[in-house]
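First comes the structure, then the notes that go with it.
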Amino acid sequence: MSGLFGTVVKKGIQKDIGLMLDDMAKAMNPNGQYVVDKIVDQEQYGAGRVSLGVLNKIEQPVYNQERTVSLIFHGELYKNNTGVSDPEYILNRYAIDGIRCVNELDGIFHFAIFDSRDQVVHLFSDRFGLYPLYYADTGKSFNFAGEVKALLQCNSSDRMPDYASIGDFFHFGHVLGHKTLFRNISLLPPAAVL
């Protein structure tokens, strides 16, 4: 299935980010039939996307002119009539509005922006959360992906079940809120910035 994946490794922790990204991409693209874009930026951040190659054919990540901000985008904007690609449009809005750029976006999407000036990663979801984005803080790294199985590929991911979520699933037919079936993996809520 298509979507984003990535990791931010805490300072002082040695991890092979490229290998971790390869494992996450394989979990989301087991047959190798989709397009995979990846970036390892510095020693602490890596991200990528698995896409069908139909929408947003532009190679990602997309950078600002100074190459200090990078963006990985999955989805589609509905009201982008500017003549630039959706990821480029978002980067232009981020340069003007910062993380409030998402307030002006209409569509179905999730994306990650790495701002090397502040050494921070922002995750964004659309207003309705139609494309899920999961995340887990393992203590050694912060990982995110469009599918839980990609997060489970990270060796440090806790696979302990969340029994309350399992109970919710059997009682209501789905997991409630931002929880998942795993204790330390959460869903980025709709219209959220993390």
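The values are calculated or read from the model by the stated rules, or taken from the named source; none is laboratory data. No experiment lies behind these values; they were computed from the predicted model shown. Backbone-built Cβ (ideal geometry, glycine too); neighbour counts: all protein chains shown. The protein model used for the area step is the full one, side chains on, heavy atoms only, and it has no ligands, DNA or RNA in it. Shrake-Rupley method; radii C 1.70, N 1.55, O 1.52, S 1.80 Å.
Data table
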{"quantity": "Placed amide H near Leu130: partners under 5 Å, 5+ positions off or other chain", "calculated": "Phe109"}
{"quantity": "Whole-number accessible area per residue in Å² for the range 36-194, which is evaluated in the context of all protein chains at 1.4 Å", "calculated": "52 Å²"}
{"quantity": "Cubic angstrom per residue, convex hull over Cα atoms of the range 62-124", "calculated": "75 Å³"}
{"quantity": "Given 11 as the ceiling on other Cβ atoms within 10 Å, longest exposed-site-free region of the chain for trypsin sites (Lys or Arg not before Pro) in DSSP loops", "calculated": "12-56"}
{"quantity": "Structure-based [θ]222 nm, the chain - -39500 (n - 2.57) summed over DSSP H runs of at least 4, per residue, nearest 500", "calculated": "-5500 deg cm²/dmol"}
{"quantity": "Difference of contour (0.36 nm per residue) and Cα-Cα distance, Ile108 to Asp16", "calculated": "29.9 nm"}
{"quantity": "Whole-number D in µm² s⁻¹ for the range 88-194, Kirkwood Cα-pair radius fed into Stokes-Einstein, 20 °C, 1.002 mPa s", "calculated": "143 µm²/s"}
{"quantity": "Fraction of alpha-carbon pairs over 30 Å apart in the chain - percent", "calculated": "17 percent"}
{"quantity": "Hull shadow area, averaged, the range 88-131 [alpha-carbon convex hull, nm²]", "calculated": "3.0 nm²"}
{"quantity": "Two-site FRET efficiency, Phe170 against Asn31, from Cβ-Cβ distance with R₀ of 30 Å, rounded to 0.05", "calculated": "0.40"}
{"quantity": "Cross-link pairs Lys26/Lys79; Lys38/Lys140; Lys38/Lys179; Lys10/Lys79; Lys79/Lys140 - those with Cα-Cα distance over 30 Å", "calculated": "Lys26/Lys79; Lys10/Lys79; Lys79/Lys140"}
{"quantity": "Per-pair calculated FRET efficiency, R0 = 30 Å: Met160 and Arg67 via Cβ, rounded to 0.05", "calculated": "0.15"}
{"quantity": "The range 6-21 versus the range 65-115: alpha-carbon centroid distance in Å", "calculated": "25 Å"}
{"quantity": "Sites Lys140 and Asn81, calculated FRET efficiency, Cβ-Cβ separation with R0 45 Å, nearest 0.05", "calculated": "0.55"}
{"quantity": "The chain, accessible surface, carbon-and-sulfur percent (1.4 angstrom probe)", "calculated": "52 percent"}
{"quantity": "Coil-residue chymotrypsin sites (Phe, Trp or Tyr not before Pro) of the range 119-194, DSSP, other Cβ within 10 Å capped at 16", "calculated": "Phe128"}
